[in-house]
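Novice: Got a structure for you, questions after.
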Amino acid sequence: MSLLTLEDVDAYYGESHILRDLSMAVEDGEVCALLGRNGAGKTTTLRSIVGAKPPTVRDGTITFDGTGVTGRDSEDVSMSGISLVPEERRIFSDLTVAENLHLADVARNRSNTIGRSVSVERSGMSTEEVFDFFPRLEERDSQKAGTLSGGEQQMLAIGRALKQNTRLLMLDEPYEGLAPQIIEAVESAIERISDSGTTLLLVEQNAVAAIGIADRCYVIDQGEIVFEGEAEELREDEETRERYLGV
Amino acid sequence: MSDESANPADRTETATTVDTADAADTTETEADGGETLGGASSASTVASLQARWESARDRELTVIGLTIVGVSLFPYLFARAPVVSDLLQGYQELASLMLVWGIFAIGFDILLGRTGLLSFGHAALWGTGAYAAGWASANITTFPLLLVAIGVVTAVFLSVVLGWLSLRRGGIYFAILTLAFAQMIYYMASAPLAFITGGDNGLTGVEIGSLLGVFDLGTELPSVAGTLLGTWRYAFIGAFLVLSVTAIYRILNSPYGIVFQAIRENEQRAEFVGFNVWRYKLAAFVLSGTFAGLAGALFTIHGQYVPLSSLYWQTSGEVVIMTVLGGVGSLLGPLFGAGIYLWVEYIVSGGYPFDWIAPYWLLVLGLVFVTVVVLFPEGIWGLVGDLRDRVATRLEER
């Protein structure tokens, strides 16, 4: 059974129909990439999964680990094991690096949380483990997160997601605006996260980078899935690449 | 691939920075060596004192200790000390009133400065706290501590209701909703509930008993305490201010404080991390309402009268101005905002030596506010921080 399934999802921003009968599945343990041009509906798909509003999902079902999550509140979805690292500013820039990481503990620790308690079965990484992944974060421990470089902010955002009970980590445009060397660092982090057993859904415009790291790819265009298959197939399918991804 | 070797560019960059810093250090040491022995050691003393101060500055004991010292010296400096008090034209009762409003403002800042929510209805909470304490004093008990408790509990209940209703919307709509509900309460108090509140006349017949049945709040404290603090009333209010600062310090440095800040920065991202943002906002609203109720009850104990205007929207506006003037998000800043606001309102408007400007005291207040907001967006507290940094750099340059 797939870890995450979207079945015939229709999502709207106000009256405009963005996702049309979108169906896709992410298998347990894989690195899945969702590719497409700007405005194709990639971010809308992620937002639909985590229950962010807008968009409104009017039709279709989203299932995570056998449980329906369609229309659930973001904080519930997050506690059930899906973490989204949104594009651009992903961290809380007024808080220090340590506080940013600590937030994940606060959210997970029910005694500190106001509101409905969600049972958290799987615990995330400890701060030490995150520092092990990203030693640079440890050096910047007490620095305001807003003063970090773009790459460090990305590492911090991923680090925070890892500290949650993440089973599915979704990264929206993780390479955007990063220097080539930093992209390499993020890539290697993604590989290590995948090796540690976390499932990844990668949303990218940068198709070349994503194909290089993904097991399977979906290509989305105008809110519809137009390609589905192994990364290898997409690498060889020149027509699809040129038509929908421009590479 | 391990992360160790992953990041050649960044690595080089760090290395370069370290090298430069090292070089600078070396130069400095050499320069110091060249100076006279006395000069070098005094410079290093200043530096080490400064480092020690910086590490202690934000610690709980420092913050509370400074608050206690400030609260203890303030009435003496303001109302009795030679020269200073003549310049400021201060008097004992105004010092107490400043502390009351100070509690209101630092509590309000939990909501405005930390959580990023602008409420325009806190007059309802302050006024209700004040009326509850006043009504209780005429009908139930005259013990000051019980009156405070009654005021706080009433305000907490009301803030749960107000927050629950107003937090349905964000941003400007939240501000308008709080304003609307607060004005509703004001009109309720002015006519339909006049048999309780005294309507336009305000609540008279407030009677405040002695503290623990022993100390009359109006009398002077014995010996040195009397010179410094003045009356029992001031000591009573001052104790609550210190308690409030301690409580708020604890709240802001607890996990809740971090979540509040995260919400201020980006609500949706906080949801993604797994927080029920709405409930945290309600918590912040109720917490600030608690301090508004406490301050309101103290206001009644201080003035032994509750004016209807304590529920009016202008009161909500005043606490916003005090907080912004003092510095949002700065814990102690709003105390200074409250002090300056009241000083202009009571002293500058009051005549000699300000008779020439007294009719224009609101204009003075406006100018002070605009100047501070334009030049020091972080308020008076931010200005203090700026000056401190500047002095520190000056000292280092020596």
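Please treat every number below as a calculation from the coordinates, not as lab data. Small disclaimer: the values here were computed from a predicted structure and weren't measured. All Cβ positions, glycine included, derive from the backbone under ideal geometry; neighbour counts span all protein chains shown.
Novice: Just to be sure I follow the definition: excluding the sites themselves, where is the longest run in chain B that has none of the GluC sites (Glu not before Pro) in a DSSP loop with at most 16 other Cβ atoms within 10 Å?
Specialist: Between exposed loop sites, the widest span is B:208-398.
Novice: Out of B:Val374, B:Thr219, A:Pro180, whose Cα points farthest toward the positive end of the dipole of the protein assembly as shown (charges: +1 Lys, Arg; -1 Asp, Glu; placed on Cβ)?
Specialist: About the Cα centre, the residue reaching furthest to the positive side is B:Thr219.
Novice: If r is the Cβ-Cβ distance from B:Arg168 to A:Asp8 and R0 is 30 Å, what FRET efficiency results, to the nearest 0.05?
Specialist: Computed FRET efficiency for B:Arg168 and A:Asp8 comes out at 0.40.
Novice: State the Kirkwood hydrodynamic radius of region A:4-245 in Å, one decimal place, computed from all pairs of distinct Cα atoms.
Specialist: 18.3 Å
Novice: Let me check I've understood the local charge: for B:Thr115, count other residues with C-beta under 9 angstrom from its C-beta, Lys and Arg +1, Asp and Glu -1. What total comes out?
Specialist: Once positives and negatives cancel, what remains is +3.
Novice: Taking the Cα centre of the protein assembly as shown as origin and charging only Cβ (+1 Lys, Arg; -1 Asp, Glu), how large is the dipole, in debye to the nearest 20?
Specialist: My answer is approximately 3440 debye.
Novice: Just check the protein assembly as shown against the gyration tensor rule for me: Cα atoms, a ≥ b ≥ c as the square roots of the eigenvalues, rounded for a/c under 1.5, and otherwise prolate or oblate depending on whether a/b exceeds b/c.
Specialist: Note, shape of the protein assembly as shown comes out oblate.
Novice: When only C-alpha pairs under 8 Å and at least 6 residues apart count, what is the relative contact order of chain B, in percent?
Specialist: It comes to 26 percent, rounded to a whole number.
Novice: Something else about it: For every helix of n ≥ 4 consecutive DSSP H residues, a contribution of -39,500 (n - 2.57) applies; sum these over the protein assembly as shown, divide by its total residues, and give [θ] at 222 nm rounded to the nearest 500 deg cm²/dmol.
Specialist: Counting only the DSSP helices, I get -18500 deg cm²/dmol.
Novice: Same structure, new question: At most 13 other Cβ atoms within 10 Å and a DSSP loop assignment: could you name the chymotrypsin sites (Phe, Trp or Tyr not before Pro) in region A:177-246 that fit?
Specialist: none
Novice: In nm, to one decimal, how far is the B:Tyr360 label point from the A:Glu15 one, both placed 7 Å along Cα→Cβ?
Specialist: It works out to 5.6 nm between the two label points.
Novice: Assigning unit charges at the beta carbon (Lys, Arg +1; Asp, Glu -1) and nothing else, what dipole magnitude in debye, to the nearest 20, does chain A show about its Cα centre?
Specialist: Dipole size: approximately 1060 debye.
Novice: In addition: Where in region A:59-102 are there GluC sites (Glu not before Pro) that are in a DSSP coil and have at most 11 other Cβ atoms within 10 angstrom of their Cβ?
Specialist: Passing sites in region A:59-102 are A:Glu88.
Novice: Choose one of B:Ile150, B:Asn201, B:Val46: the residue whose Cα lies farthest towards the positive end of the charge dipole of the protein assembly as shown (beta-carbon charges +1 Lys, Arg; -1 Asp, Glu; about the Cα centre).
Specialist: Checking the options against the dipole of the protein assembly as shown, the answer is B:Asn201.
Novice: Additional query: Of the residues A:Glu152, A:Glu15, A:Glu176, which exhibits the maximal mean-square fluctuation in a Gaussian network model of chain A defined by a 10 Å Cα contact cut-off?
Specialist: With Cα springs under 10 Å in chain A, the top fluctuation among A:Glu152, A:Glu15, A:Glu176 is at A:Glu15.
Novice: Still on this model: Take A:Arg89 and A:Asp237, extend 7 Å from each Cα along the Cα→Cβ direction, and tell me the distance between the two endpoints in nm.
Specialist: 3.8 nm
Novice: Between B:Leu111, B:Leu193, B:Leu252, where does the largest GNM mean-square fluctuation fall for chain B, given springs only between Cα atoms within less than 10 Å?
Specialist: B:Leu193
Novice: Run the numbers for B:Glu60 and B:Asn253: contour at 0.36 nm per residue of separation, minus the present Cα-Cα distance, in nm.
Specialist: Contour length minus Cα-Cα distance gives 68.5 nm.
Novice: Here's another thing I want to ask about it. Given a Förster distance of 56 Å, report the FRET efficiency between A:Glu176 and B:Ala191 from their Cβ-Cβ distance, rounded to the nearest 0.05.
Specialist: 0.40
Novice: Then there's this: A:Lys42: which lysines have alpha carbons under 18 Å from its alpha carbon, excluding same-chain residues fewer than 8 sequence positions away?
Specialist: Cross-link targets: A:Lys53.
Novice: Provide the descending list of Cα extents for chain B along its principal axes, expressed in whole angstroms.
Specialist: The Cα atoms of chain B stretch 78, 59, 44 Å along their principal axes.
Novice: If R₀ is 60 angstrom, what is the calculated FRET efficiency for the pair B:Val370 and A:Thr67, using the beta carbon separation as r and rounding to 0.05?
Specialist: E between B:Val370 and A:Thr67, to the nearest 0.05, is 0.60.
Novice: Another one. According to a simple spin-label model (label point 7 Å from Cα along Cα-to-Cβ), what is the distance in nm between B:Glu220 and A:Gln143?
Specialist: Going from the A:Gln143 label point to the B:Glu220 one covers 5.8 nm.
Novice: Of B:Trp361, A:Phe133, B:Gly70, whose Cα points farthest to the positive end of the dipole of the protein assembly as shown (charges on the beta-carbon: +1 Lys, Arg; -1 Asp, Glu; origin at the Cα centre)?
Specialist: Going by the Cα projections, it comes out as B:Trp361.
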